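Presented below is the structure to which this report refers.
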2 protein chains.
Amino acid sequence: MRKALTRDRVLLAAVGIADRDGLPAVTMRRLGAELGVEAMSLYHHLRGKDALLDGVAETLIGEVLTAVAAADGPGGWRVRLRAWFLAAREVMLRHRWGPGLLNSRATVPFGVLRHYDAIIGVMVGDGLSYRIAHRALHAFGSMPLGFVQEAFSPSGDGGDGGMSAVADRLPHLAAMVASEAHEAELGWCDSQVEFEFTLDLLLDGLDRARRSEDPLV
Amino acid sequence: MRKALTRDRVLLAAVGIADRDGLPAVTMRRLGAELGVEAMSLYHHLRGKDALLDGVAETLIGEVLTAVAAADGPGGWRVRLRAWFLAAREVMLRHRWGPGLLNSRATVPFGVLRHYDAIIGVMVGDGLSYRIAHRALHAFGSMPLGFVQEAFSPSGDGGDGGMSAVADRLPHLAAMVASEAHEAELGWCDSQVEFEFTLDLLLDGLDRARRSEDPLV
DNA sequence: GGGAGCTACCTTACAACGTAAGGTAGCCCT
DNA sequence: AGGGCTACCTTACGTTGTAAGGTAGCTCCC
């Protein structure tokens with residue numbers, strides 16, 4: 001006699017499949033098989049595939065919210081937000097399908113809104129105007145969720161990503177890789193360093209924007 | 001007697017379908033029908049669906065490169081990159097499926113690399129170090145391609161995005177919307193303004209990082 | 001100038017997907 | 001005891017990408 005099916009068990013199983021085999025591997029049939037059940041049985045707990053993915057997204061940001069809460073501590077808005085975003089990032093590193101999933105959802109998961117609400121709360125609580133807080137949210141982009149849009153991901157790992165083959169057509173890029181490679185910490189392109197660099201760049205800029213808006217502070 | 005099928009004609013047709021009916025509407029059968037041909041005939045010009053989408057992505061960033069070239073002019077790295085990114089953004093506004101497509105591709109389209117190469121060229125040409133240029137690329141995220149990761153898109157258009165229904169659970173967000181709404185330019189949340197704000201925030205920060213790296217300049 | 005061979009297209013077919021429709025076994029409640 | 005509800009299953013359909021193989025028409029060469 002197996003455990004009774006519940007919405008949460010289904011979502012957990014879906015997360016597991018995505019972790020192991022990627023998001024496209026999460027099909028209704030596969031999910032059912034994983035739970036010892038036929039695909040159509042899932043429909044008694046979820047309205048369909050879209051609802052399933054929405055649920056997975058909610059589960060994911062639930063994990064983010066938990067991690068953020070655990071990483072929170074005393075301090076001003078800058079240090080707290082910094083810790084929050086880095087905590088969220090760790091969750092996304094555990095679930096590399098996370099960014100893709102969140103991008104694909106039509107409606108913003110409610111947990112995301114709660115997260116943004118908390119971020120605004122921290123900022124205005126420290127005296128930032130709603131205007132700055134608003135712009136800050138836009139500037140952060142997806143950083144509050146722990147990832148950035150990496151339009152340029154040089155084939156993941158270290159190495160030059162097979163770029164030497166076309167270096168003559170990409171002279172500046174090749175030169176940059178050559179220049180940066182010898183002083184690399186973890187491969188020529190350490191995302192963690194870059195993430196924090198961008199994060200601090202934004203936080204610094206926002207802090208400056210705040211001061212220029214309210215010169216007395 | 002209809003025009004002969006070519007790879008370019010196929011890609012153009014795919015772009016057209018995506019523009020009209022969205023990216024999911026681009027199926028092999030639909031694409032064939034659009035060209036007066038059976039689906040399997042497309043395989044003589046493209047290796048499969050993935051190759052098709054890669055081709056569409058290349059077509060898209062080809063349009064970006066053209067727009068960027070047209071928007072280029074004299075000036076320092078800041079003003080030139082600013083103009084470039086805004087030009088790219090206009091292309092993405094014409095093809096709203098663009099960001100999603102680029103996100104979904106496993107390999108970075110070559111045109112993207114050429115674009116990044118040009119960006120690096122402008123920066124180091126103006127004296128920025130490769131280190132700063134490298135970090136700048138990461139900080140920009142997808143801005144060079146004309147879009148940002150909008151994790152929080154308040155239901156597209158104006159209005160509060162149906163948020164008043166849950167305002168009690170999102171007090172800070174609701175307060176921010178209320179505070180910002182009455183001074184909105186185009187709906188309460190004007191993406192163009194936000195895009196430029198973030199862009200300038202980053203450019204300012206990078207300029208400052210450059211100076212602190214090389215205090216003599 | 002007539003077969004060889006290539007190109008560009010079509011036909012058929014299959015596996016996998018999401019899911020609509022309806023069936024059934026076991027439980028609870030009155 | 002029996003009606004009804006819940007949780008699961010069975011079957012089936014339409015759509016997707018694409019493998020396999022067929023065919024008409026052009027070019028080329030001896």
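For chain A, take the longest principal axis of its alpha carbons; what is the angle in degrees between that and the long axis of helix A:130-140, to the nearest 10 within 0 to 90? The answer is roughly 70 degrees. The string of couplings for segment B:97-103 from the Karplus curve (6.51, -1.76, 1.60, θ = phi - 60°) is 7, x, x, x, 4, 4, 5 Hz, one whole number per residue in order, with x for Gly and Pro. Burial annotation for segment A:100-122: residues with an accessible-area loss of at least 20 Å² between the isolated chain and the complete set of protein chains, computed on heavy atoms with a 1.4 Å probe, are A:ASN103, A:VAL108, A:PHE110, A:LEU113, A:TYR116, A:ASP117, A:ILE120, A:GLY121.
Label point of A:MET40 (7 Å along Cα→beta-carbon): distances to the other copies' equivalent points are 3.2 nm, sorted ascending.
In terms of the mean number of neighbouring beta-carbon atoms within 10 Å, the peptides A:132-144, A:109-121 order highest first as A:132-144, A:109-121. For the pair A:VAL193 and B:ALA25, label points projected 7 Å from Cα toward Cβ lie 4.7 nm apart. For segment A:64-137 and segment B:32-78, what is the centre-to-centre distance using only Cα atoms, to the nearest Å? That distance is 35 Å.
Classified by the C-alpha gyration tensor, segment B:84-141 has a prolate form. Its axis ratio a/c, with a ≥ b ≥ c, is 1.5 or above, and a/b is larger than b/c. When the Cα gyration tensor is reduced to axis lengths a ≥ b ≥ c, the ratio a/c is 1.5 or higher for chain A, and with a/b not above b/c it is classed as oblate. Ranked from shortest, the separations from the 7 Å Cα-to-Cβ label point of B:VAL166 to its equivalents in the other copies are 4.2 nm. Buried area at the B:A interface is about 5000 square angstrom, summed over both chains, from accessible surfaces computed with a 1.4 angstrom probe.
Across the identical copies, the label point of B:GLY75 (7 Å from Cα in the Cβ direction) is separated from its matches by 3.7 nm, in order from shortest.
Is segment A:31-151 best put as rounded, prolate or oblate by its Cα gyration tensor, with a ≥ b ≥ c the root eigenvalues, rounded for a/c under 1.5, and otherwise prolate when a/b is larger than b/c, oblate when not? Cα axes put segment A:31-151 in the prolate bin. Look at the stretch A:135-146: the mean tally of other chain Cβ atoms within 10 Å of its residues' Cβ atoms is 6. Taking the protein heavy atoms of chain B in the context of the full set of protein chains, the accessible area attributed to carbon and sulfur is 54 percent at 1.4 Å.
Across chain A, the relative contact order, built from alpha-carbon pairs under 8 Å that are at least six residues apart, equals 16 percent.
The values are calculated or read from the model by the stated rules, or taken from the named source; none is laboratory data. For clarity, every value in this text was computed on a predicted model and none was experimentally measured. Cβ: placed from backbone, ideal geometry, glycine included. Neighbour counts: every protein chain shown. Calculation scope for accessible area: heavy atoms of the full protein, side chains included, ligands and nucleic acids excluded. Shrake-Rupley method; radii C 1.70, N 1.55, O 1.52, S 1.80 Å.
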